[in-house]
Amino acid sequence: MLGGCNICGVYGTPDGSDLLDQVAAAEQALRDASARTVGPGDERAEYFDAVIEADQKIEPRDWMPEKYRSGLIRQIAQHAHSEIIGMQPEANWISRAPSLKRKAILLAKVQDEAGHGLYLYAAAETLGVDRSTLVDLLLEGRQKYSSIFNYPTLSWADMGAIGWLVDGAAIVNQVPLCRCSYGPYARAMIRICKEESFHQRQGFEILHTLARGTEAQKAMAQDAVDRWWYPSLAMFGPPDAHSTHSAQSTAWKIKRFSNDDLRQQFVDMCAQQSGVLGLTLPDPALRWNPERGSYDYTRPDYDELARVIRGDGPCNRQRMANRRQAHEDGAWVREAAAAHAAKKRGRELSHV
Amino acid sequence: MSEGWPLWEVFIRARRGLSHTHAGSLHAPDAELALRNARDLYTRRQEGVSIWVVPATAITASSPDEKDAFFDPAADKVYRHPTFYQVPDGAAHL
């Protein structure tokens, strides 16, 4: 089911293919690792360490340290919440998409985000937490979602900037997670990354089209890039020196690269792609550093990031209010479906 | 929320001729909706030609902790593999 990417070739962009190659490589590595033998380990903890050491996957019923379990539940759940809340900024433009084609694409993309949320909730559930608990944690604000979705989508060009920058940053973050040591998470990420690639390309295409349109359209595209650039950089989290969960996560092979390494990779990617778009990144300090073989760039405002995470971003309250409302509005559907299923079961039993 | 909606495991046959493979899980009130939800969730890009949904509670799994004792009996029966046998030169089609 993971094989084949039906949309490859439909949206051709100068980049993106190498990310898909990395996903394919991660998938191959997952198969290769399964063929490897794990070192001896009589004690359960020793066996866990040996599995991690051999780059094999931990599976749901394997013994695992309690912190591995709870840390993964937190990470996967927050990732799932982000996908669910992430539907809102784009849903804002479905009814105002400029053409039927763009509308169909945007609908498919938002539906994908819902799907990604569900894959991830299912992966989290394999760790022994149930869905309703996770939903409550989000609705009660006790678990977070990505700060990026607390920024507003002010113009159609924002659909392009979100696809190119936000989904692009998400992919750079997520491709290494395809190699994560927890099997269900790694497998969900492989599926997600393959789908994300369409998201990024459709965004790039929107910006590319606008950048070649009228002056006003080009200005709209540039404005969207200007507003989304730094919040996208902040998606990689606090700088390495202040990252709280990193060391243990790296030792357990949940996390493979540091926040700053991934951020740098993203900057290098975008610097090249913005040239192709004919748009500029809003950073006067952005320049190639031949010694490092990377671009120098201005760091995002980490105080702003902390503020938005704490709840004081431009749209935090609105996003949470919408989610709670949607959840309440759907209550009768959930109840009706459960009642119908119970009635049907009763009828089947009475016919036996 | 999906309280009261049981968990279903989803298996998908990617193409005719291949076996069903575990794809993931989902919540649904009954088998019919589980099947529809599975179609929407796991085959948005034509990833399958057939879907099974199984109530998660109906699956009995072997325990990873017992795996040595459980699978050991097969470990010392190398004679079950054709490579165990010496075939003299010249014996064709064997």
task = Among the numbered conditions (1) within 22 Å of residue A:263 (Cα to Cα); (2) open to solvent by less than 10 Å² (accessible area, probe 1.4 Å); (3) touching a residue at least 60 places away in the same chain (Cβ under 8 Å); (4) of a type outside the set (Ser, Thr, Tyr), tell me where residue A:170 comes up short.
result = (2)
request  = Would you confirm whether any residue within segment A:221-228 is more than 14 Å from chain B (Cβ to nearest Cβ), under 21 Å from the mean Cα position of the chain (by Cα), open to solvent by 50 Å² or more (accessible area, probe 1.4 Å) and not hydrophobic (A, V, I, L, M, F, W, C)?
outcome  = yes
task = Starting from residues that are closer than 30 Å to residue B:30 by Cα and in a loop (DSSP other than H, G, I, E, B), keep the ones in segment B:58-94 and report whichever is least open to solvent (accessible area, probe 1.4 Å).
result = B:63
request  = Inspect all residues belonging to segment A:301-318 and state whether any of them is farther than 24 Å from residue A:207 by Cα and within 14 Å of chain B (Cβ to nearest Cβ).
outcome  = no
key: Qualifying position, being under 18 Å from residue B:45 (Cα atoms) and within 14 Å of chain B (Cβ to nearest Cβ), among A:129, A:110   = A:110
ask   = Which one of these does residue A:149 not meet: (1) of a type outside the set (S, T, N, Q); (2) open to solvent by less than 30 Å² (accessible area, probe 1.4 Å); (3) touching a Gly at 6+ places or on another chain (Cβ under 9 Å)?
value = (2)
task = Could you tell me whether residue A:256 is part of a loop (DSSP other than H, G, I, E, B) and either more than 21 Å from residue A:82 (Cβ to Cβ) or without any contact (Cβ under 8 Å) to a residue 40 or more places away in the chain (or both)?
result = no
inquiry  = Among the residues that make up segment A:66-89, is at least one of them surrounded by 13 or more Cβ atoms within 10 Å (Cβ to Cβ), within 12 Å of another protein chain (Cβ to nearest Cβ) and over 30 Å from residue A:315 (Cα atoms)?
reply    = no
request  = From B:55, B:29, grab the single residue that is closer than 27 Å to residue A:330 by Cα, touching a His at 6+ places or on another chain (Cβ under 9 Å) and surrounded by 13 or more Cβ atoms within 10 Å (Cβ to Cβ).
outcome  = B:29
note = Of all strands (runs of 3 or more DSSP E) fully inside segment B:1-57, the set with 1 or more residues that are hydroxyl-bearing (Ser, Thr, Tyr) is B:21-27, B:50-55
query = Residues in segment A:277-295: is at least one open to solvent by less than 70 Å² (accessible area, probe 1.4 Å), modelled with pLDDT of 95 or more and assigned to a helix (DSSP H, G or I)?
reply = yes
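Yes or no, residue by residue, for (1) surrounded by 23 or more Cβ atoms within 10 Å (Cβ to Cβ); (2) of a type in the set (A, V, I, L, M):
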| position | (1), (2) |
| --- | --- |
| A:112 | no, no |
| A:115 | no, no |
| A:127 | no, yes |
| A:142 | no, no |
| A:145 | yes, no |
message = Restricting to segment A:50-65, count the residues that are part of a loop (DSSP other than H, G, I, E, B) and open to solvent by less than 50 Å² (accessible area, probe 1.4 Å).
response = 7
remark   = When (1) open to solvent by less than 50 Å² (accessible area, probe 1.4 Å); (2) facing another protein chain (nearest Cβ under 9 Å) are applied to residue B:46, the one that fails is (1)
Matching residues in segment B:12-26 - criterion: being surrounded by 20 or more Cβ atoms within 10 Å (Cβ to Cβ) and either of a type in the set (D, E, K, R) or more than 15 Å from residue A:337 (Cβ to Cβ) (or both) = B:12, B:14, B:23, B:24, B:25
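The values are calculated or read from the model by the stated rules, or taken from the named source; none is laboratory data. Remember, predicted model here, so these are calculated numbers, not experimental data. No Cβ is skipped: glycine too gets one built from the backbone with ideal geometry, and neighbour counts run over all protein chains shown. The protein model used for the area step is the full one, side chains on, heavy atoms only, and it has no ligands, DNA or RNA in it. Shrake-Rupley method; radii C 1.70, N 1.55, O 1.52, S 1.80 Å.
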